[in-house]
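The structure appears right after this line, and notes come after that.
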Amino acid sequence: MPPLLSKDAFSPSRYRALFAEYAISSNGFLPENAPLTELSDPYYGPWESLIAELPGSIENRTVRDKVDRLPVLSADHLSTVVEWRRAYVILAFIAHGYIWGGDMPSEVLPPSITVPLLRASGRLGLPPVATFASLNLWNFRSSNPTLGFADLDSLHALHTITGTEDESWFLMVSVAIEAQGAYMIPAMLDALDAVEEGDYAAVTHALREMARCIGRIAALLERMDDRCRPAVFYHRVRPLLAGSWNMADAGLPRGVFLDEGHGHGAWRQLRGGSNGQSSLIQFIDLVLGVEHTSCGNDAAAAAKTEPPAAVLSPSQSGNCPRGRGEGFHAEVRAYMPDPHRRFLDHVSRIRPGGIRQAMADLRAAAAAAAAGSKVETCPAGPNPIAPGELTQLQEAFQGTTRALAALRNKHLQIVARYIIVPARQPPPPAACPMGTAGGNVGKGVVNLATASWRKTAAAAAAAAEAKGGKRYSAELDLLKLTGTGGTALLPFLKQARDETFRAGEMV
Ligand code: HEM
């Protein structure tokens, strides 16, 4: 699917210096060129061999043995940024394979992975865990680059943790979405400028374009079902990509100890990889002025744990328990590459409250003018706005926020199909071709999928007993299901959708 407009239509060359500073390419938050497929220095051969056979090593339970025999390689031979990214991708995948690739999760990550992973993640400004950057942004190739990275059918993941086509497709849907949304970045920066200049027709036009682009993103999201089966996602992929935060039920009550050797190391509790870490969606929120306040997590678990040590924007703070402090959306910025996090901070400073606040200011000024009060200057821009123009702008803004709320609604439906429904069904037997990870409740495997199932089954039994044996709806317990990022799923996602919708109604 080609982008709506050519990338040149919104003169990205204007932003060349800005985009260079914040590592934004003509593919948005994706790199300009497809990521490196191999570290050419033979010194890193052991890493390359391990990642090449990772799914098989997890499946036959040899991954830990192999990692334990791996030497601690120095990161000093990495030089270019694309090499650092590749090292981070490899090591984050192996880390998850090591932690979750056994019957019980491993509470300790050995020095052979911890030491270089800490170097690579520190260099890139990311936490030492699989993130949207390692799984998606820097983990793809295209079999037909001339079609652009928004062409989902030609995208393939460089690495997956399960070796399944389902996982590759799951990861690539997000890559295509990032590419599809890329041209909105200069377009919306132009729109913020146009507010400043009082060129409201341009803002209206940009908002309409944005709504159409969000529609295309929604169409890509809907293609998830084409090649990613919910049961494979839920029982195999998701448990292996889980983080170490809020994972007590899944067997990591203290998180993971990152062992640096020689008696050094630290316990860390980190969110797992999640599309919620996409900078693109947060960029759209910021420009529109959609504000999120949910912590997206179980308050008790949140209060016990620390956010990752990374620079966080103070701009968004939610109604979160003390000790955690930020809303989910602000907190996951620590899981974005450092330049992208700084870019979002930059955008939030251009016009706090985004176009929503500008609309509110314009409306107040127009109302004051209609009432005959003297308006010294219009706070949203230098030019007063004509009533007809204001109506058009308002409609365009509402159209865009509705499109974004509809996208979040589609996402909720996906979450229902890929998490809620499979969580209600018993795990497949170990012998099933879907594989073993997560399908081994009876054999004592402990991970996110089996923990959710045990919780639901136990609650159902208890409730059935309390109700005199009546059939129990597991609905309430499903509300407590956690995402790979550690969130209490449905309330959080619904709140994000409703906050989006409300932003449109506020103008
Ligand atoms: C099978 C497909 C998917 C599933 C099961 C899924 C699941 C989830 C879950 C569980 C969360 C809660 C946060 C967390 O625990 O990390 C979440 C959040 C989020 N996801 Fe997805 N997701 C899927 C695909 C996508 C895709 C393709 C996108 C790309 C647009 C996306 C965008 C988001 C965003 C932006 C959030 C943060 C909440 C928000 O801002 O609305 N998800 N997702």
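The values are calculated or read from the model by the stated rules, or taken from the named source; none is laboratory data. Quick caveat, the model's predicted, so the values are computed rather than measured. All Cβ positions, glycine included, derive from the backbone under ideal geometry; neighbour counts span all protein chains shown. To get the accessible areas, we keep the full protein, side chains included, count just its heavy atoms, and leave off ligands, DNA and RNA. Shrake-Rupley method; radii C 1.70, N 1.55, O 1.52, S 1.80 Å.
For the pair Arg16 and Ala52 in one chain, pulling the backbone fully straight at 0.36 nm per residue adds 9.3 nm over the alpha carbon distance.
Counting charges near Ile281 (Lys, Arg +1; Asp, Glu -1) among other residues having Cβ under 11 Å from its Cβ returns a value of -1.
For the stretch 1-152, just say rounded, prolate or oblate: build the C-alpha gyration tensor, square-root its eigenvalues into a ≥ b ≥ c, call rounded for a/c under 1.5, and beyond that prolate if a/b exceeds b/c, oblate if not.
Note, shape of the stretch 1-152 comes out prolate.
If R0 equals 22 Å, the separation of the Cβ atoms of Val72 and Asp103 corresponds to a calculated FRET efficiency of about 0.25.
Given a 1.4 angstrom probe, I'd like the percentage of the accessible area of the stretch 195-258 that is carbon and sulfur, rounded to a whole number. Before the final figure, lay out the partial values.
Working: 1110 of 2230 Å².
Carbon and sulfur together cover 50 percent of it.
In the stretch 231-294, taking the dipole from charged Cβ atoms about the Cα centre, the farthest positive-side position among Ser278, Leu288, Phe257 is held by Phe257. The HN-Hα couplings worked out from phi for the stretch 131-148 by the Karplus form 6.51 cos²θ - 1.76 cosθ + 1.60 (θ = phi - 60°) are 10, 4, 5, 6, 7, 10, 4, 10, 9, 8, 9, 10, 7, 8, x, 5, 7, x Hz, whole numbers, x standing for Gly and Pro.
Using Cα-Cα distances under 8 Å and only pairs 6 or more residues apart, what relative contact order does the stretch 31-95 have, in percent?
It comes to 53 percent, rounded to a whole number.
The listed peptides 19-30, 233-244, 63-74, 268-279, ordered by packing as a protection proxy, come out as 233-244, 268-279, 19-30, 63-74 (highest mean of other Cβ atoms within 10 Å first). Computed over protein heavy atoms with a 1.4 angstrom probe, the accessible surface ordering of His264, His77, His292, His346, largest first, is His264, His77, His346, His292. The charge dipole of the stretch 73-129, taken about its Cα centre with unit charges on the Cβ atoms of Lys, Arg (+1), Asp and Glu (-1) only, comes to about 240 debye. How would the stretch 243-287 be classified by its alpha-carbon gyration tensor: rounded, prolate or oblate, with rounded meaning a/c under 1.5 and the a/b versus b/c comparison settling the rest? Here the stretch 243-287 falls in the oblate category. Each of Arg341, Arg227, Arg85 has its accessible area taken with a 1.4 Å probe; listed largest first, they run Arg227, Arg85, Arg341.
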